[in-house]
1. Provide the per-residue ³J(HN,Hα) series for segment 272-284, in order, calculated from phi with Karplus coefficients 6.51, -1.76, 1.60 and θ = phi - 60°, each as a whole number of Hz, with x at glycine and proline positions.
2. Which Cα, out of 247, 231, 257, lies furthest along the positive dipole direction of segment 184-315 (beta carbon charges, K/R +1, D/E -1)?
3. For segment 261-318 and segment 29-94, what is the centre-to-centre distance using only Cα atoms, to the nearest Å?
4. Using a 7 Å offset from the Cα along the Cα-to-Cβ direction at both residue 118 and residue 131, what is the distance between the two label points in nm, to one decimal?
5. Considering only protein heavy atoms, what per residue accessible area in square angstrom results for segment 196-276 with a 1.4 angstrom probe?
6. In nanometres, what is the gap between the two model label sites at residue 33 and residue 189, each 7 Å from Cα along Cα-to-Cβ?
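The values are calculated or read from the model by the stated rules, or taken from the named source; none is laboratory data. The model shown is predicted, which means the values in this text are computed figures rather than measured ones. Glycine gets a Cβ as well: all are built from the backbone with ideal geometry, and neighbour counts include every protein chain shown. Accessible surface is based on the protein model in full, side chains and every heavy atom, while ligands, DNA and RNA are left aside. Shrake-Rupley method; radii C 1.70, N 1.55, O 1.52, S 1.80 Å.
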Amino acid sequence: MRRLRVFSFVFGALAGAVTGKGRRKRIVAEGSTSPGAELALVGLLLLSAIFSVGFVVVLATGSWPMRTQYEGIALGGSLLLMGLALVLLSKRLIVTEELEEDYPEPEHPIEQGEVAQIVRESGSRFTRKRLVQGAAAAAAGALGVAAIAPAISFGPAFDPFELNWTPWRRGKRLLSEDGAPIKASDIEMETFYTAYPEHSARDNIAAPVVIIRLQPSALRLPRSRRNWAPQGILAYSKICTHAGCAIALYRKPTFPPTQPEPALVCPCHYSTFDPARAGKVLFGPAGRNLPQLPLMIDSAGHLRAAGNFSGPVGPSWWGVRMKGPITQDR
Ligand code: FES
C-alpha cells in the first residue's frame, strides 16, 4: 500500500512537470522585462567566455613574443567582462526588495511555500531564460578551464616540444658574447668562455654554452664522443641540470698534483661537473650530467657545432631522462 502511494506521488509529480498541471497560480504579477539588458548580459557572458578561451590558447600555443602580456589581457578581460555581466544582472534583471523588518518565522508549511513562491516569482524577469543560462554556463565553464590551465602547464602537457628544442645543429658557428665568431686558436687553457649559436636568439635556455680547453690526453670521453673535442676544446650547456642556474664558475687546480681536477661549478647549490668525463656530476644535487655539445673546427679555424647536445638541456623536469634534444626547426 505504501509502495503504491509512493508510486502515485512520483508519477503525479512527473506528469505535472511535463504537462504543467498542478503548477501554483502566480502570487506576484509578472515583473517588467528588459530584453535589451538580457541581450547585453548574454553578449558580456559570451565575450567573457571568448577571452577565457583566448587565455588558454595563448598559454597552450607557446612562444609568442609578449606572451605574458597577451595572457594578462585575456584573463583580465574575461574577469572584467564577467564582473560587468554580474553588475548588469544585479542592477537590471534581478528584482530587489527592501524590508524594514525581518520576515516573521513562518508557522505553517503552506505559508512557507508561499513565501518561497513570492521570492521565486519576484526574481523572474527573464524572457530568454535558456539563452541566458547557456551563456552563463559557457562563461563560467571557460573561466574555470582558464583558472586550472596554468596548473596543467607546470608540466610539459601542452608543449613538450618547447622544452626539448635547441637552436644548435651541425655547422652552426659559435659566437662570443660580442657576437664575433670564435676561433679554436682563441681558446686558451685554464680559461672559461661563454658562447652562443649564430643566427639564433640568445634567450633560449639551450643557447648558451661554456667552452674550455683541456689537454687532449686528459680527456676521458666515451668512445662515441671521441671526436667531440677537437684539440681538447669542449663545449657544455651553460644551464645547470639541477635547477637551471648558469654554470658560472670554473675550478682550476693551482697545484695539479695535490688539487682536484678542473671542474665546472654551478654557484647556486655547488653542483660540480667533470668536463673531462663528459660532464659527469662529481658533487652536489644535480641529477644528470651536463649535456655536451659536439664541436668541429672549419677550414677557417672557427669553432662550429658538429651536432646537437648529448641530452636534454636545463633542469630535470619529470621524464626528462626519456627524451633527447630536438634538432629540427618548428
Ligand atoms: S641550480 Fe645548479 S646546483 Fe642547483
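1. Result, rounded to whole Hz: 10, 10, 9, x, 6, 10, 6, x, 4, 6, 9, 7, x.
2. In segment 184-315, that residue is 257.
3. 48 Å
4. Here the answer is 3.2 nm between the modelled labels.
5. Working: 4000 Å² over 81 residues.
Value for segment 196-276: 49 Å² per residue.
6. Here the modelled spin labels are 9.2 nm apart.
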